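Right, one structure below, let's go through it.
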Amino acid sequence: MPITRSQLEAAAEALKLVLKFDRPADAVLHEFFRAHHALGSHDRAFVAETVYGVLRRKRTVDHLAPDGTPRRMLLAYLVRMAGISVRELAAAMKPDEQSWLARVKAEPLDDLPLALRAELPDWIVERLRSRLTEPEIAALAKGLNEPAPLDLRVNTLLTGREEVRQALAVDAVVSAPTPYSPVGLRIKGRPSINHHPLFLTGAIEVQDEGSQLLGYLLAPKRHDLVVDFCAGSGGKSLMLGALMRSHGRIYAFDVSTARLNRLKPRLKRSGLSNLHPQPIRNENDTRVKRLAGKIDRVLVDAPCSGLGTLRRNPDIKWRQSPQSVEELKRKQAAILHAAAKLLKPGGRLVYATCSLLAGENGDIVAAFLTEHGDFQELHCSEILGQQGIVLDTGQQLKILPHIHATDAFFAAVLQRRPQ
């Protein structure tokens, strides 16, 4: 279907705003669509898909369109990466753009440096080189540059996975069980799940399979006291509550009241009565300190660079920097230190990130264990195996999109030694 001039102009305007990298791309596009309510659903889909496409392939797009104008970046992406023919663009192009696009189509790309082929900033590639070969980096990058599938978590407090699968099939929504999480479903295509009755009644939540595995690493028992230290909008807290069958007590802490407010409608439809959201000022808040030594399980899904979520958020690789990662590492160490104080002897803590960088992952855990002789590290694959989940990534959980079809997650399980 030919691309219209108005579609291309709208996409260029949206891309110009996104390329400021002062806010997450999804927030920028949400605001853009609100301001351009006359755009139809087909036009919005074109704008979103092309903007995200440029963000995923920005190194190559910059190489093909070095003048950096959003319009030429879009045209280069559409012709070289999206498979759009020049003929389909003819009605939207200016007179001088056809000859330029002919040169773009002929530009060789096979011998570009690794960072350009991987579509990653140089500093990220350099950090990956310390533990990955060039072919491994290229394979990882290919996985990160593919759009993510839609994963659901079935709320087992209300229903079962097969029941949900059958109900979705009635509405022509095709799904398959996720290979690792016993409560996950992977959806074919991009149906509007947020309006489905199963979603509106709390039977399902959108949650990447990798994120679901963190709940099985924590493995809370029914009557445990649990803290989700960086709860955000509560996706993992809700899963923990379901695993506990709404028994025990879960404190969902976060420094953002706005994020916790987004948990409230989810909690209401979940059927849970054991989950208690509580805003805190920081990791040393009095609400945290009063629980010292009383908690059975603590989840620390630490604030991180988010580089493991590039399938969903490709703008992150352009918004992060070595400096921002150093600041995050200091925050991660402080949060882990504070969260560990909550545990009873014999209690379990899961430290997790959705980062690719060892500095945010294994290095943080190693430094913590060096400073805290009263903690020991448990084996992630063994913990998952005890629950019937066959996934051998070693002592620490390390899952990657091109291998496991999930976002990239890291996790380590730490236990406070029994007295």
Study note, to complete from the structure: Sole miss for GLY68 among (1) open to solvent by less than 50 Å² (accessible area, probe 1.4 Å); (2) assigned to a helix (DSSP H, G or I) is condition (2)
Exercise for review: Answer yes if at least one residue in segment 93-104 is open to solvent by 40 Å² or more (accessible area, probe 1.4 Å), within 13 Å of LEU8 (Cα to Cα) and free of Cβ contacts under 8 Å to residues at least 24 places away in the same chain, and no otherwise.
Suggested key: yes
Review point. Can you name the number of the only condition in (1) touching an Asp or Glu at 6+ places or on another chain (Cβ under 8 Å); (2) farther than 24 Å from LYS317 by Cα that ILE84 fails?
Key: (1)
Review point. Any idea which residue in segment 334-366 is farthest from LEU214 (Cα to Cα), counting only those that are of a type outside the set (D, E, K, R) and open to solvent by 50 Å² or more (accessible area, probe 1.4 Å)?
Key: PRO345
Exercise for review: Could you check how many residues of segment 388-407 are crowded, with 16+ Cβ neighbours inside 10 Å, over 19 Å from LYS236 (Cβ atoms) and of a type in the set (A, V, I, L, M)?
Suggested key: 2
Exercise for review: Please work out if PRO113 is open to solvent by 10 Å² or more (accessible area, probe 1.4 Å) and closer than 28 Å to GLN207 by Cβ.
Suggested key: no
Practice item. Filter the helices (runs of 4 or more DSSP H) completely within segment 288-374 down to those with at least 1 residues that are charged (D, E, K, R), free of Cβ contacts under 8 Å to residues at least 40 places away in the same chain and out of contact with any Phe, Trp or Tyr (no Cβ under 7 Å at 6 or more places or on another chain). Key: 322-340, 362-371
**Study point:** Close pairs from segment 62-79: first of a type in the set (Gly, Ala, Ser), partner open to solvent by less than 50 Å² (accessible area, probe 1.4 Å) and outside any helix (DSSP H, G or I), Cβ under 9 Å, at least 6 apart
**Key:** GLY68/LEU19; ALA76/ALA65
Check your understanding: When you go through HIS42, HIS30 one by one, which is the residue that is under 17 Å from ILE316 (Cβ atoms), open to solvent by 90 Å² or more (accessible area, probe 1.4 Å), without any contact (Cβ under 8 Å) to a residue 24 or more places away in the chain and part of a helix (DSSP H, G or I)?
Key -> HIS30
Exercise for review: Looking for whichever is within 18 Å of the chain's Cα centre (by Cα) and either more than 30 Å from ARG57 (Cβ to Cβ) or at pLDDT 95 or above (or both) here; the options are GLN332, GLN278, GLN323. Which one fits?
Suggested key: GLN332
Exercise for review: Kindly check whether there is at least one residue in segment 55-64 that is buried (at least 16 other Cβ atoms within 10 Å of the Cβ) and under 17 Å from GLU9 (Cβ atoms).
Suggested key: no
Review point. Closer than 19 Å to VAL288 by Cβ, open to solvent by less than 20 Å² (accessible area, probe 1.4 Å) and of a type outside the set (Gly, Ala, Ser), is that true of PHE410?
Key: no
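The values are calculated or read from the model by the stated rules, or taken from the named source; none is laboratory data. Keep in mind it's a predicted model, so treat the numbers as computed, not measured. Every residue, glycine as well, gets a Cβ built from its backbone with ideal geometry; the counts of neighbours run over all protein chains shown. To get the accessible areas, we keep the full protein, side chains included, count just its heavy atoms, and leave off ligands, DNA and RNA. Shrake-Rupley method; radii C 1.70, N 1.55, O 1.52, S 1.80 Å.
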